[in-house]
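Below: the structure, in structure tokens.
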Amino acid sequence: MYVQTPAGLLVRLIHVIGLISWAPSCRVSFFPAGHRYNLDMAARMGLLYHPVLLASASSSSRALALSRARLPYPPTFHTYRRSASAAASPRLRPCRRLLPARAMSSSETAGNPYAAELAAAKKAVTLAARLCQAVQQDIVYSGVQSKADKSPVTVADYGSQILVSLVLKMEAPGSFSLVAEEDSEELRKDGAEEILENITDLVNETIVDDGSYSIYFSKEGILSAIDDGKSEGGPSGRHWVLDPIDGTKGFLRGDQYAIALALLDEGKIVLGVLACPNLPLSSISNLNGSSSGDQVGALFSATIGCGTEVESLDSSPPQKISVCSIDDPVDASFFESYESAHSMHDLTSSIAKKLGVQAPPVRIDSQAKYGALARGDGAIYLRFPHKGYREKIWDHAAGSIVLTEAGGIVIDASGNDLDFSKGRFLDLDTGIIATNKHLMPSLLKAVQEAIKEQNQAASLL
Ligand SMILES: Nc1ncnc2c1ncn2[C@@H]1O[C@H](COP(=O)(O)O)[C@@H](O)[C@H]1OP(=O)(O)O
Ligand SMILES: [Mg+2]
């Protein structure tokens, strides 16, 4: 039993009218400065442009631009079509708005060779974050997460990936290649029709609500947009690297998650953005993932050679950040996964003990840990997945540059830099550690001793 939202009905109506009135000669002219798109381009992107939708979206864009300053944060959206139980739960009223006009930071202006890519990446993850926030609100209000029904997170995962891919195609210069977590295989199977419809509705409603683009996705367009993320990456050329929702467990719990996007250029990560919708803008040090500050929703961004910045997802001016300068482990605290299935808490506890860390671990989900570390909320990040787990590049690409450009160091437990040029996986079988340059030598020593002891204990069993 599903409920059709009014916005869903509107989008469908516009679709039908648009199909009737569609004219092959129509040129689309409502796109960002510097771009000209026509229907051939639309066909290549798996998209449909509709004159009626174009007209309505462009006029609403102007109206929204005028009222933007008065709109509250966080915004809410018409949500995906929800189950009857979810529909019965309380929800906030939708509120339409454009993406915030971000203040240009020094990283986006002179001297940054990736300025255009950075602006596109920020816009992409901000739009995706809006979709994710709307879905997470519904999950939390409806209690879906306690029923082992993973479909809402699936809808948000795919929806986020489609929106990031769309914005990058529209706004980022150069050729397009995307290495991303999701593909359309499951959605093409029998029985997936309903979820595909939900994703299609949610994505189209988010685009209409935002008003930046006059685009409508068909179901086939949705499937092909998801498969834009099938690139293998590698050592040559440029590739965007995306985790559409990093930390799905945290997302379902109503806790931390991130939309993590990076740019790989000739085998090196040169740019990264992390949207962390639930991370407080002020420090979370000593608060185990929470903060006394009111403002929530942080956007971290870094470009090679230009440093790391943080701003609110609602577009406060960006501020440069740097890692903490602690040089005595006694004063240090460390981040690790919330989920013990993702990282061995017993091993990290023995590393902390060896090093002399006194504070208890700060456990939060996702690459939000890299962002928090980059602004000095803590001093160390330890990640030791259980044997057999293969790390994917999208789980560390954005986070690692956010940290290194803030003055931090990220290496594997053998002391090697992370190599993002080997395809979709990181080629390592130890853990990943991160800290500042003062603490790294003693941290690496403690890590290697603790691993050795763990291996010796295992060989005795
Ligand atoms: N069994 C696992 N071991 C380690 N990491 C995992 C495992 N399963 C999923 N992950 C990934 O670990 C990351 C979260 O780490 P953390 O627990 O530190 O927040 C996510 O990228 C998550 O995937 P996903 O992005 O699909 O949620
Ligand atoms: Mg992930």
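The values are calculated or read from the model by the stated rules, or taken from the named source; none is laboratory data. The structure displayed is predicted, hence computed values, not measured ones. For neighbour counting, all protein chains shown are included, and Cβ atoms are generated from backbone atoms with ideal geometry for every residue, glycine included. Ligands, DNA and RNA are excluded from the accessible area calculation, which covers all protein heavy atoms including side chains. Shrake-Rupley method; radii C 1.70, N 1.55, O 1.52, S 1.80 Å.
Counting each pair of different Cα atoms once, what's the Kirkwood radius of region 352-400 in Å, rounded to one decimal? List each step's numbers first, then the result.
Details: mean 1/r = 0.0803 Å⁻¹.
This gives a value of 12.5 Å.
Kirkwood hydrodynamic radius, computed over distinct alpha-carbon pairs, for region 329-460: how many Å, to one decimal? Each step should come with its number before you reach the end.
Numbers: mean 1/r = 0.0681 Å⁻¹.
Mean inverse Cα-Cα distance, inverted, gives 14.7 Å.
Heavy atoms only, 1.4 Å probe, whole protein assembly: order Ile409, Ile364 by accessible area, highest first. Don't skip to the answer; put the middle values down first.
Numbers: Ile409 55, Ile364 10 Å².
Sorted descending by solvent-accessible area, the residues read Ile409, Ile364.
With each pseudo-label sitting 7 Å past Cα toward Cβ, what's the Lys437-Lys422 distance in nm, one decimal?
2.7
At q = 0.12, 0.18, 0.21 Å⁻¹, what base-10 log of I(q)/I(0) does the Debye formula yield for region 290-392 when every alpha carbon is treated as an equal point scatterer in vacuo?
-0.47, -0.97, -1.16
With every protein chain left in place, what is the accessible area of Asp419 in Å² (1.4 Å probe, nearest 10)?
For Asp419, the solvent-accessible surface is approximately 60 Å².
Using θ = phi - 60° and the Karplus form 6.51 cos²θ - 1.76 cosθ + 1.60, what ³J(HN,Hα) does each residue of region 411-420 get, whole Hz, x for Gly and Pro?
Computed from phi, the couplings for region 411-420 are 9, 8, 6, 8, x, 8, 5, 6, 10, 8 Hz.
For Lys320, which lysines qualify as cross-link partners when the Cα separation must be under 26 Å and same-chain residues fewer than eight apart are set aside?
Lys122, Lys123, Lys268, Lys369, Lys437
Using square roots of five times the C-alpha gyration tensor eigenvalues, list the equivalent-ellipsoid semi-axes of region 130-268 in whole Å, biggest first. Working shown, then result.
Values: eigenvalues 124, 60, 44 Å².
In descending order the semi-axes read 25, 17, 15 Å.
For region 329-460, give me the percentage of DSSP beta bridges that are antiparallel, rounded to the nearest 5 percent.
Working: 10 of 14 bridges.
Bridges in region 329-460 are about 70 percent antiparallel.
Identify all aspartates and glutamates with a Cα-Cα distance to Lys422 below 18 Å; exclude those on the same chain that are fewer than 8 residues away in sequence.
Straight-line reach from Lys422, under 18 Å: Glu181, Glu232, Asp243, Asp265, Glu266, Glu391, Asp395, Asp412.
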